[in-house]
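Computed from the coordinates by the stated procedures, all read-outs in this text should not be read as laboratory data. Values in this document were obtained by computation on a predicted structure and should not be read as measured data. Here the Cβ positions follow ideal geometry from the backbone for every residue, glycine too, while neighbour counts run over all protein chains shown.
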Amino acid sequence: MIICGVELTGSDAVVCLLKLEQGHFSLPECKVRKLTLRKNHTRADLQQFQTAFADLMAEYRVEKVVIKERMPKGKFAGGAISFKLEAAIQLISGIDLDVTLLSPALIKSTLSANPLPIPFADTGLKVFQETAFVVAYAGHMVKG
């Protein structure tokens with residue numbers, strides 16, 4: 001199964017694909033590292049973002065999207081635009097896509113019980129993709 005881990009920051013959706021097959025993980029080559037919502041973020045811009053995200057998921061046959069949940073208020077609150085991006089991803093239709101949110105606490109406890117099999121530095125991914133990679137890994141490890 002291929003999972004797409006997503007970290008929403010500002011107007012960007014940073015993505016990382018992670019495949020688990022017969023107990024072995026692999027990182028499928030992906031031409032996209034992040035998708036960005038235009039600054040105006042009009043209805044048309046949101047629809048364009050949603051279509052681009054859906055097309056990427058369909059192209060790589062992603063079955064599940066796991067998004068790192070952001071807090072709605074407080075010191076580490078997510079911005080309004082990131083919640084729009086989350087909604088756009090959750091409302092994708094036309095393809096069979098399971099979209100799940102994972103809280104930082106659940107990600108942390110999952111990593112504690114199932115440490116990463118390799119150091120992030122050995123993945124070959126860009127530094128800014130680390131959280132998306134960890135979210136994808138936790139998405140594979142969480143049962144349910």
Output the 0 to 90 degree angle, nearest 10, between the alpha-carbon long axis of helix 104-113 and the longest principal axis computed from the alpha carbons of the chain. 10
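Beta carbons within 10 angstrom, averaged per residue: use that to sort the peptides 40-47, 81-88, highest first.
On the way: 40-47: 12.2, 81-88: 18.6.
Output ranking for 40-47, 81-88: 81-88, 40-47.
Test of understanding: ordering Ile89, Ile2 by Cβ neighbours within 10 Å, fewest first, what list do you get?
Details: Ile89 22, Ile2 19.
Least to most surrounded, the residues fall as Ile2, Ile89.
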In deg cm²/dmol, rounded to the nearest 500, the helical mean residue ellipticity at 222 nm of the chain, built from -39500 (n - 2.57) for every DSSP H run of length 4 or more, is -11000 deg cm²/dmol
Of the beta bridges DSSP finds with both residues in the stretch 2-141, what % are antiparallel, to the nearest 5? 60
So which GluC sites (Glu not before Pro) in the stretch 1-41 end up in coil per DSSP with only 14 or fewer other C-beta atoms within 10 Å? Glu29
Reduced to Cα centres, the span from the stretch 27-42 to the stretch 82-144 in Å works out to 16
Any chance you could run the full-extension gain for Ala80 through His24? It's 0.36 nm times the residue separation minus the Cα-Cα distance, nm to one decimal. 16.4 nm
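What pairs from Lys73/Lys108; Lys39/Lys84; Lys34/Lys68; Lys39/Lys108; Lys64/Lys84; Lys31/Lys126 go past 22 Å between their alpha carbons?
Correct reply: Lys39/Lys108.
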